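Peer 1: My questions will all concern the structure given below.
The values are calculated or read from the model by the stated rules, or taken from the named source; none is laboratory data. Only a predicted model underlies this, so the values are computations on that prediction, with no experimental measurement involved. Virtual Cβ from ideal backbone geometry, glycine too; neighbours counted across all protein chains shown.
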């Protein structure tokens, strides 16, 4: 057990606090971006007001984490030659303030009035905190894959759904996920990762997108598990 007065504990506590602050910042900023997009599409003042409010919440989260890092990290953390790849968290606040000021100025020209039903629904969705429904799925990952051979993947779903798509890639952070629609027969969805893709030295990782309704989708195994994907290694 590491004592709270130890340097190891204090380093960990500060970094975790900064990481949590980054999560709050990007969560609020993402909402601000979605709400601003609703405003651009509809011209609705309420959407713009909520976008500004969300961006200000993001700014508060950033200010707290930046202040936590002050005096702990050096004032110029350099990871690259470009301006955005060096400096300190505190250095980003002026640009954030400039963004917020530019958004707030648009309120003067925004139309006043209650949003129509569709815009109100979009605003509520952007501000809401939906919970993911638990999926009743069953899947057994293949034990290994043979390079140059297709890898069959099956998923059993107990209730009817609109569609299921498999997302897969090599365990290589430089690559993007490929995807394939899965065919269904008697609650079992099937597809295969192509033979042309399995000819690799990297393991394979994959997950499923289950579309229960046209307007909503869930991921399986999802973020409730220790990792939101499966990994299959090549046969020796």
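Peer 1: Scanning for something touching a helix residue (DSSP H, G or I) at 6+ places or on another chain (Cβ under 8 Å), at pLDDT 95 or above and not assigned by TED's automatic domain parsing to the domain that holds residue 48, does region 131-143 turn up at least one residue?
Peer 2: no
Peer 1: Also, quick follow-up: Of all residues in region 171-195, which are surrounded by 14 or more Cβ atoms within 10 Å (Cβ to Cβ) and at pLDDT below 95?
Peer 2: 184
Peer 1: State whether the residues of region 196-217 include one that is in a helix (DSSP H, G or I) and surrounded by fewer than 16 Cβ atoms within 10 Å (Cβ to Cβ).
Peer 2: Yes, region 196-217 has at least one match.
Peer 1: Looking for whichever is in contact with a strand residue (DSSP E or B) (Cβ under 8 Å, 6 or more places away or on another chain) and surrounded by 15 or more Cβ atoms within 10 Å (Cβ to Cβ) here; the options are 86, 45, 68, 59. Which one fits? Before the answer, list the steps.
Peer 2: Values: 86 fails: surrounded by 15 or more Cβ atoms within 10 Å (Cβ to Cβ); 68 fails: in contact with a strand residue (DSSP E or B) (Cβ under 8 Å, 6 or more places away or on another chain); 59 fails: in contact with a strand residue (DSSP E or B) (Cβ under 8 Å, 6 or more places away or on another chain).
45 is the lone residue from the list that is in contact with a strand residue (DSSP E or B) (Cβ under 8 Å, 6 or more places away or on another chain) and surrounded by 15 or more Cβ atoms within 10 Å (Cβ to Cβ).
Peer 1: Any residue at all in region 96-115 that's closer than 30 Å to residue 211 by Cβ, in contact with a strand residue (DSSP E or B) (Cβ under 8 Å, 6 or more places away or on another chain) and in contact (Cβ under 8 Å) with a residue 24 or more places away in the chain?
Peer 2: Among the residues of region 96-115, at least one is closer than 30 Å to residue 211 by Cβ, in contact with a strand residue (DSSP E or B) (Cβ under 8 Å, 6 or more places away or on another chain) and in contact (Cβ under 8 Å) with a residue 24 or more places away in the chain, which makes the answer yes.
Peer 1: Among the residues of region 159-178, write down those that are in contact (Cβ under 8 Å) with a residue 12 or more places away in the chain and within 18 Å of residue 198 (Cα to Cα). Steps first, answer last, please.
Peer 2: First, pick out the residues of region 159-178 that are in contact (Cβ under 8 Å) with a residue 12 or more places away in the chain: 159, 161-172, 178.
Of everything in region 159-178, those that are in contact (Cβ under 8 Å) with a residue 12 or more places away in the chain and within 18 Å of residue 198 (Cα to Cα) turn out to be 166, 167, 168, 169, 170, 171, 172, 178.
Peer 1: While we're here: Looking for something modelled with pLDDT of 95 or more, within 20 Å of residue 128 (Cα to Cα), surrounded by 15 or more Cβ atoms within 10 Å (Cβ to Cβ) and more than 19 Å from the chain's Cα centre (by Cα) - is there at least one such residue anywhere in region 15-33?
Peer 2: no
Peer 1: Count, please, the residues in region 203-222 that happen to be out of contact with any strand residue (DSSP E or B) (no Cβ under 6 Å at 6 or more places or on another chain) and over 16 Å from residue 139 (Cα atoms).
Peer 2: 5
Peer 1: Where residues in region 161-186 are out of contact with any strand residue (DSSP E or B) (no Cβ under 8 Å at 6 or more places or on another chain) and either outside the structural domain of residue 230 (by TED's automatic domain parsing) or part of a loop (DSSP other than H, G, I, E, B) (or both), which of them is farthest from residue 220 (Cα to Cα)?
Peer 2: The selected residue is 174.
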